[in-house]
1. Working only within region C:23-40, note down all residues that are part of a helix (DSSP H, G or I) and acidic (D, E).
2. For residues that are buried (at least 20 other Cβ atoms within 10 Å of the Cβ) and not aliphatic (A, V, I, L, M), scanning just region C:16-30, find the one that is nearest to C:I596 (Cα to Cα).
3. Please verify whether C:A176 is under 16 Å from C:A294 (Cα atoms) and either of a type outside the set (A, V, I, L, M) or within 12 Å of chain A (Cβ to nearest Cβ) (or both), treating the condition exactly as stated.
4. Evaluate region C:135-147: report whether one residue or more is touching a Lys or Arg at 6+ places or on another chain (Cβ under 8 Å) and modelled with pLDDT of 90 or more.
5. Considering every residue within region C:164-174, establish whether at least one is of a type outside the set (D, E, K, R), in contact with a Pro (Cβ under 8 Å, 6 or more places away or on another chain) and within 18 Å of C:V87 (Cα to Cα).
6. Quick check on region C:241-255. Is at least one of its residues within 9 Å of chain A (Cβ to nearest Cβ), of a type in the set (D, E, K, R), closer than 30 Å to C:T612 by Cβ and in contact (Cβ under 8 Å) with a residue 24 or more places away in the chain?
7. Which one of the conditions (1) within 14 Å of chain A (Cβ to nearest Cβ); (2) under 18 Å from the mean Cα position of the chain (by Cα) does C:N97 fail to meet, given that it meets all the rest?
Amino acid sequence: MTQAAATEHHEPVENTSTGLNSRKLMMWAFLGSDVMFFGAFIATYLVYRGKSLVGPYPSEILDIPLTSVSTFVLLMSSLAMVLGLHYVKEGQKNKGTIWILVVVVLGAIFMGFQFYEFREFAHEGLTPRTNIFGTTFFILTGIHGAHVTIGVAWMAFMAYGSHTGALRKDNALDLEIAGLYWHFVDIVWIVIFTVIYLISATDGPPPGVGPTILH
Amino acid sequence: MANLWQKLTHHDGNGWWNLPHGPSNELNPPHEGPIGGAWFGNLWQTLTHGGVSHAGAGFYWLVGFLLAVVTLLEVWLFTVEGLGGWYIPILLILSVAKFVGVVAYFMHLRFDHRMFTYFFASAMIIGILIFTIILFVAEHAHQKPLF
Amino acid sequence: MTTKSLKFPQAFPRPKSATGIWSWIGTVDHKRIGTMYGIVSFIWFLVGGLEALLMRAQLASAENDLIGPEAFNQLFTMHGTTMVFLVIMPLSAAFFNWLIPLQIGARDVAFPRLNALSFWIFLFGSILINFSWVTGDAPNGGWFGYAPNSGTTFNPGLGMTYWVVGLNVLGVASIAAGLNFIVTILNMRAPGMDMFKIPIFTWMTLITSVLIVLAMPVLAVAGIQLMTDRVYGTHFFNSLGGGDPVMWQHIFWLFGHPEVYILILPAMGIVSEVLPTFARKPLFGYPFVVFAGAVIAFMGWFVWSHHMFTVGLGPAANTAFSISTMLIAVPTGVKIFNWLGTLWGGNIRLNTPMLFSISFIAMFTIGGLSGVMHASPPTDAQQQDTYFIVAHFHYVLVGGALLGIFSGIYFWWPKFTGYFLNEKLGIANWALMMIGFNLQFAPMHWLGMDGMPRRIYTYAENMGWEGSNLAASIGGLILGIGILVFIFNVFYSKMNKVMAGDDPWDGRTLEWATSSPPPVHDFDVIPQVQYRDDFWFKKYPETISEYYHDDHDQAVPSGAQLDDEVEEALPVVSGGSDDHGHGAIHLPDMSYYPFILSVGIAILGAGFITNTYVVGAGVPFILWGLLGWSMEPVNDPE
């Protein structure tokens, strides 16, 4: 690509005191707010880690291979998101629509995994009422799931807009802002996957307590 | 000292904490081309300095690939025996790397105006500090005095 | 390029009229929204005040049986909750709404519809939380809702569920408003108005908004956790299930301490505007006041455990939080000295706003000093949960925040309405409030030192507490009469208007540059700003050289040159929030979607209290509001 093409990509300078778009600025401020929201939930999880009085304990119930796949799916949805934004910004309507649809599909698959996981856990005897691990686990991942659900709905709306031509190169900022939200949901999951799954997956029963699930 | 104070408060009547005002604000130096087709040549530039508002699709594929590799590495580490006390620090470092990768490149913070970084980073800093303190306080609440 | 956009079928035509009920429901005008915030929160102020008076009536004599223990618990819980969340915060929000666009020279906030949404959610949330009075099961777990007392085991009724859901709904409103004002202040400033030229009240609003945006999510987390504990039987704060009630205290005070700065910083901003105006001097050490505010906002995050000194966190934690608490008194003290420095050598006029502001400094200093006293854990162990603490935070919140807000009401009333509040009645109001307030809360210091616990509904005759309690009750009555005088003043001044003109106090900031009350579009011409206190220096160009003499700083134009520059600058009009180019004044059209969305959120909240089907009933409203909003253009095509 040439130098001229480079300048074409420059964002239009907004007519604001900072030259930055107000909605985008607000989205970043909101993400800062959401950092505190998830931060408090994750801190609660960590404070309560290993404090369960009865089973099932994390080592008995967490399914790392399954969650690795769903983590991978969500990560790839972020890639699809950034590609969708790229093509919408380039004005390639069809490619943009397809990639946004990929985001929707991958997000829905992630939700499916989570639904399946919740059902399995409930089946094996772990509910939010069972023990403190169940409480912190379900509420944290459930709140994250609610964020994903909102994101999927938002992206479906964006895909529809891109399909009908209401989302174009000149208002790609709408998609960019939605994308910021989507990526944020992804990075929260990056933290959750590490902290709840990979790090806690070996947390067994306290010493002297036998296994609580007999397979 | 006087100079520093000047910078903090009065430099250009705007101060060190100044916010860019309007069109005069430098957005993206035009001499740094996009990665796009010839992305490899500019890769290092993009990774380290930002400077393009909008990298090419190839670059995003590369970042996505690296993130996938790190994820696989994390899952593989889970199966490795004998990491002992290193397991958690390594995992945390890897997840921070993924976190930064998504925030910097997918969310364009690397290429975007610094103000967005300030917004996000200030929340991250306050959050990490206070929640670390909570963990510390909750962990050490019932132990004997440190001094 | 053809601009195709999505259309959402409109159930009602978009409201257009400037009068009538729909003009209020559909309004996006920051001034109208500010007025509604003011009226609604003042009504809650009267409710909260009535609750306080009932408590004082009960405590006026020993072994009184006017009010039973159960009702007393409900009264102090709802009094605290009302005053913090439904009075001081929204009254500050009323000032934010009215003044921020005027002070920074903008035509509206950055997101007018979001602003309307904030107000409507606040209104419905406040009704939701007070609806518990109607069901006869008002919250009774204290305004901090300590677990496990707030859990279902000890509190099986619906009261605390109302409380926790209501707070979450109110939190949504606060966060939306906070985001809006951050962006407004950063992005909507008049040309030439750098960050170090914005009025100090705007700075304090910015800092408060940042605190709101970062602290309210933490309250939301605490609220969600307590709500799931109560409604779905989780174990966050249930020690039988492995939870820990102390965690509630951590999370609540993690929000709660920034919250007290959310309450006090706007009042500090108001006082920092009133003092320079009535001392006819610029604010002494403007950068110090700004940085002190920012430092308070940052340090405010690291002091929360001083509410928990007696919990038993261990000496290390207590020491660290004691030190950080004592340190945070330093930037607060810096501000007090700045205010004193502003008064020093000034040409002081003692009008009502000034009386309130000076009283603010005195009362806030007393409250601040007693705060430093219990920053020390051994002292706090003695004072925890006694009336000493009650005295402390009422000196800070009534003597601080509320006096600041009254100062602001008297100061900006001419700008809001075009006429003055009566000065004589104002002074009577001030005098009654000061006498009543001090008579009510000063004895509480001694009561607390003497060991009288908080939140008891009665006390024995032989404790020696009767005299002080009676004095406090009489003081409360006098304070209440002071508020009645204020209400009378409002109506009296409306009947006997003394027109104020655009700039009655010889003001310093941009809001005085426009007419009183301001036109819908705020400014006929967006002002060009050159100096801090620009309006003052435009009025008195000869004083510029007194304050700007560094040649590298501001090239000091002579008066004549300044006039030339001003004239040149006048035709330039910034587009403000709308992207419709230069010159034309475009205001965003009215919209009913914020109202619909807030109805949905209120129903959703009510559903968490009652049953899940009601949650489902809220969702269609939310979808309707969101979809309609997102596809509604800011301005309908002409």
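The values are calculated or read from the model by the stated rules, or taken from the named source; none is laboratory data. Nothing here was measured: the structure is a model prediction, and the numbers come from that model. For neighbour counting, all protein chains shown are included, and Cβ atoms are generated from backbone atoms with ideal geometry for every residue, glycine included.
1. Those that are part of a helix (DSSP H, G or I) and acidic (D, E): none in region C:23-40.
2. In this case the residue turns out to be C:G26.
3. When the stated conditions are applied, C:A176 does not pass them.
4. Keep residues of region C:135-147 that are touching a Lys or Arg at 6+ places or on another chain (Cβ under 8 Å), which gives C:142.
With modelled with pLDDT of 90 or more added as a condition, the list becomes C:142.
Yes, that holds for at least one residue.
5. So far as region C:164-174 goes, yes, one or more of its residues are of a type outside the set (D, E, K, R), in contact with a Pro (Cβ under 8 Å, 6 or more places away or on another chain) and within 18 Å of C:V87 (Cα to Cα).
6. no
7. (1)
For every residue, the table says whether it meets (1) at pLDDT below 95; (2) over 19 Å from A:V47 (Cα atoms); (3) of a type in the set (K, R).
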{"position": "A:Y87", "(1), (2), (3)": "yes, yes, no"}
{"position": "A:W99", "(1), (2), (3)": "no, yes, no"}
{"position": "A:G107", "(1), (2), (3)": "no, yes, no"}
{"position": "A:G112", "(1), (2), (3)": "no, yes, no"}
{"position": "A:H123", "(1), (2), (3)": "yes, yes, no"}
{"position": "A:R129", "(1), (2), (3)": "yes, no, yes"}
